[in-house]
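Novice: Starting off with a structure, shown below.
Bear in mind that the values in this text are calculations on the coordinates, not laboratory data. Computed from a predicted structure; not experimentally measured. Neighbour counts run over all protein chains shown; Cβ positions are idealised from the backbone, glycine included.
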Amino acid sequence: MNNSIKNYTPFDLTRLRDLLGDLAGRFDVDHIVSCDSTNSQLLERATRGAPLGTAVVADIQTAGRGRRGRVWQSAPGHSLTFSLLWRFPDRFSLAGLSLAVGVAVARALERCGVDGLALKWPNDIILDGRKLGGVLVEVAFDERGAAAVMGIGINLKSHPSWSNLEQPVACLQDANCFAGREALLAFILGELAIVMDSFSRDSFAALRDDWLARHAYQDLPVKINAESRQLIGICRGVDGEGALLLESESGGLSVMNGDVTLRGA
Ligand code: BTN
């Protein structure tokens with residue numbers, strides 16, 4: 001075990017419950033010192049019937065994953081890594097769910113005093129043009145409906161192993177935010193409770209304006225890779241289902257979803 005793994009303070013569940021106050025009753029949070037991925041742990045609990053509001057927070061993830069099969073790098077004491085389970089009735093549309101989660105995370109970080117946050121479609125939390133965090137939503141279906149596992153990773157302070165990553169990363173400390181993991185998680189769960197209630201009632205459409213207000217590429221030129229095609233155009237935000245809107249040079253509007261990556265052009 002290297003020093004950075006030994007020298008960190010384990011997550012304090014009692015402190016989290018105190019900080020959650022009245023909201024503590026809406027969540028059942030479990031702390032794991034080390035696991036492969038909090039999403040994997042929670043998906044397994046979901047298949048065993050875990051209720052809405054179950055969450056897992058880990059100090060160490062040995063196989064954290066991101067969107068499009070990427071590895072999610074985290075380091076104990078340097079990252080917040082957790083997943084939350086939410087259940088939806090049969091046939092309820094989950095379109096835009098990962099964007100809704102991004103809105104909740106952004107609102108929570110702003111409440112912690114972080115300025116200059118932006119959201120990049122579909123699930124990146126951006127600080128000053130660099131990636132501060134990400135959201136990975138994975139869904140299991142059964143006869144009762146959909147169990148959505150919403151995994152969230154946030155960089156708190158920089159770690160030497162992140163300096164060579166393909167995409168430059170930002171940390172909360174860059175924004176002079178030194179909140180501990182318990183406080184951050186309490187803020188994020190508080191905002192997720194509000195956002196999930198809204199999403200369950202009115203779908204993503206009710207959260208769209210909040211997402212657009214933080215959109216990193218609104219009305220800017222972008223390059224989009226979609227199924228081995230590259231498209232260039234002006235990003236016109238997202239529709240009421242969270243699909244990306246791209247205006248081509250000829251003025252036509254494409255609605256894009258799925259396995260798509262977006263970059264500034
Ligand atoms: C992305 O930006 O591609 C999504 C990253 C999501 C990372 C979080 S960390 C907690 C949860 N467990 C995982 O394995 N992934 C998510």
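Novice: What are the semi-axes of the equivalent ellipsoid of region 1-121, taken as the square roots of 5 times the eigenvalues of the Cα gyration tensor, listed largest first and rounded to whole Å?
Specialist: 23, 19, 18
Novice: Rounded to the nearest 0.05, what FRET efficiency do GLU44 and ALA265 give with R0 = 41 Å and r taken as the Cβ-Cβ distance? Could you check?
Specialist: 0.50
Novice: For the chain, modelled as a Gaussian network with Cα springs under 10 Å, which listed residue fluctuates most, ASN225, ASN39, ASN164?
Specialist: Fluctuation is largest for ASN164.
Novice: With everything on Cα atoms, drop me the angle between helix 97-111 and the longest principal axis of the chain, reported from 0 to 90° to the nearest 10.
Specialist: 60
Novice: Under the rule that an exposed site lies in a DSSP loop and has at most 15 other Cβ atoms within 10 Å, name the longest stretch of the chain with no trypsin sites (Lys or Arg not before Pro) of that kind, not counting the sites themselves.
Specialist: 158-265
Novice: Counting residues in region 80-194 as N, plug N into 2.2 N^0.38 Å and put the Cα Rg over that result.
Specialist: 1.11
Novice: Pick from GLU110, GLU138, GLU249 the residue whose mean-square fluctuation is largest in a GNM of the chain, springs joining Cα atoms under 10 Å.
Specialist: Checking each option, the largest mean-square fluctuation is seen for GLU249.
Novice: ILE194 label point, 7 Å along Cα→Cβ, cut-off 17 Å on backbone N: hits in region 213-245?
Specialist: What the label zone holds, given the 17 Å backbone N cut-off, is 213-214.
Novice: Quick one: the Cα spread of region 157-230 along its three principal axes, in angstroms, biggest first?
Specialist: Reported extents, whole Å, longest axis first: 43, 43, 22.
Novice: Would you kindly give the portion of the calculated P(r) for region 72-148 that falls above 18 Å, as a percent of all Cα pairs?
Specialist: Cα-Cα pairs of region 72-148 separated by over 18 Å account for 49 percent.
Novice: Explain nothing, just compute: Karplus ³J(HN,Hα) = 6.51 cos²θ - 1.76 cosθ + 1.60, θ = phi - 60°, for every residue of region 184-191 in order, whole Hz, x for Gly and Pro.
Specialist: 4, 5, 4, 5, 5, 5, x, 6
Novice: Something else about it: In Å, what Kirkwood hydrodynamic radius results for region 129-252 from the alpha-carbon pair distances?
Specialist: 17.6
Novice: Between PHE141 and ILE232, take the C-beta separation as r, use R0 = 30 Å, and let me know the FRET efficiency to the nearest 0.05.
Specialist: 0.25
Novice: I would also like to ask the following. With the Cα gyration tensor of region 125-188 in hand, convert its eigenvalues to equivalent ellipsoid semi-axes via √(5λ) and list them largest first in whole Å.
Specialist: Largest first, region 125-188 gives 28, 16, 9 Å.
Novice: Could you work out which residue, out of ALA175, ALA46, ALA104, moves most in a Gaussian network model of the chain, that is, has the largest mean-square fluctuation with Cα springs under 10 Å?
Specialist: ALA175
Novice: Report the equivalent ellipsoid semi-axes for the chain in whole Å, largest first, defined as the square roots of five times the eigenvalues of the gyration tensor built from alpha carbon atoms.
Specialist: Sorted largest first and rounded, they come to 29, 23, 17 Å.
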